[in-house]
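What follows is a set of notes on a single structure, which appears directly below.
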């Protein structure tokens, strides 16, 4: 496994751990989601370079478009939750308890 | 938005490249989020946020597992997932999307925070692409992990639904346990899983639509609903019993066939 693969794996794992263990602010979870998408973009962009297939060069662009849509949606949800809950502290998300 | 949902589902079920499958899943997530948060009620927004975070993380994990597999085997085909780490991550990611234990914590709250029709869409239509992905990759999934999760789901879905008063949370737990049943049969007989899913969809749709038309939200409202529409309530009773899987009704059929398959494969313990 080359250094490139290792760096990609570690970046993704760190970001997913950051997403799983976010503590106080919702925006840090969105940041970790974005960094996961970024590491996926780098990995997808490395693919046609390493395998010399130029037909899959559109894949990172497509992925980037979708991740940008998701980021926008996440930010819109952040704004909406700040409007209704008052802040983005995760302790306030307890209206739906069992 | 329903058009986007149908398009996303169609893209995922008709794909054989992982990026297409991921695209369809993302379109589904993005399309259903405005439907959840349409009412501007704090509960709805909170449900939408939780749903978004979980589904986005699961989608990214799907993409990551397919990328790992692509690096190790050089191809992006869905049915040829061979790298073991990639299979485990994929199993975990799809079960996050579906709501199997231990990734089920978002499901009752999200279902509670959305309206009845959206809840119906969430439980039935949104489950369809991940079920299709499971069906397509059924021979390469991580069997042990899936079996453990499925048994836990079937058990926990029943237990956690016992002390609930909100109808939508009860439906959420029923959903979780049905998905557990579907997941356990996946490795041995994928077509049976699809049969179970179709029957489950029809029954759940019936129950949700009946609840929507008599506008019950809590169990106490359900108790007095017979005064309004006696015939619909009687039908609802039959549908609920069928959903629970009692013998003379349709819901028993998948459970019987699943237990039969499990005993043929010497998994008597799991069938309990």
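Just a few scattered comments:
- Residue B:79 vs. criteria surrounded by fewer than 24 Cβ atoms within 10 Å (Cβ to Cβ), farther than 18 Å from residue B:35 by Cα and under 12 Å from the mean Cα position of the chain (by Cα): no
- Residues of the range A:71-85 classified as more than 7 Å from chain B (Cβ to nearest Cβ) and surrounded by 18 or more Cβ atoms within 10 Å (Cβ to Cβ), total: 1
- Some residue of the range B:13-27 being at the interface with chain A (Cβ under 7 Å from one of its Cβ atoms), surrounded by 19 or more Cβ atoms within 10 Å (Cβ to Cβ) and either touching a strand residue (DSSP E or B) at 6+ places or on another chain (Cβ under 7 Å) or touching a residue at least 24 places away in the same chain (Cβ under 8 Å) (or both): yes
- Residue ID - farthest from the other protein chains (Cβ to nearest Cβ), chosen from residues in the range A:49-70 that are touching a residue at least 12 places away in the same chain (Cβ under 8 Å) and over 19 Å from residue B:71 (Cα atoms): A:64
- Only helices (runs of 4 or more DSSP H) whose full extent lies in the range B:40-132 are considered here, and the ones with at least 2 residues that are within 10 Å of chain A (Cβ to nearest Cβ) and within 23 Å of residue B:14 (Cβ to Cβ) are B:42-73.
Since every read-out is calculated from the coordinates, none of them should be taken as a lab result. None of the values given here were measured: they were computed from a predicted structure. FYI the Cβ positions are ideal-geometry reconstructions off the backbone, even for glycines, and counts take in every protein chain you see.
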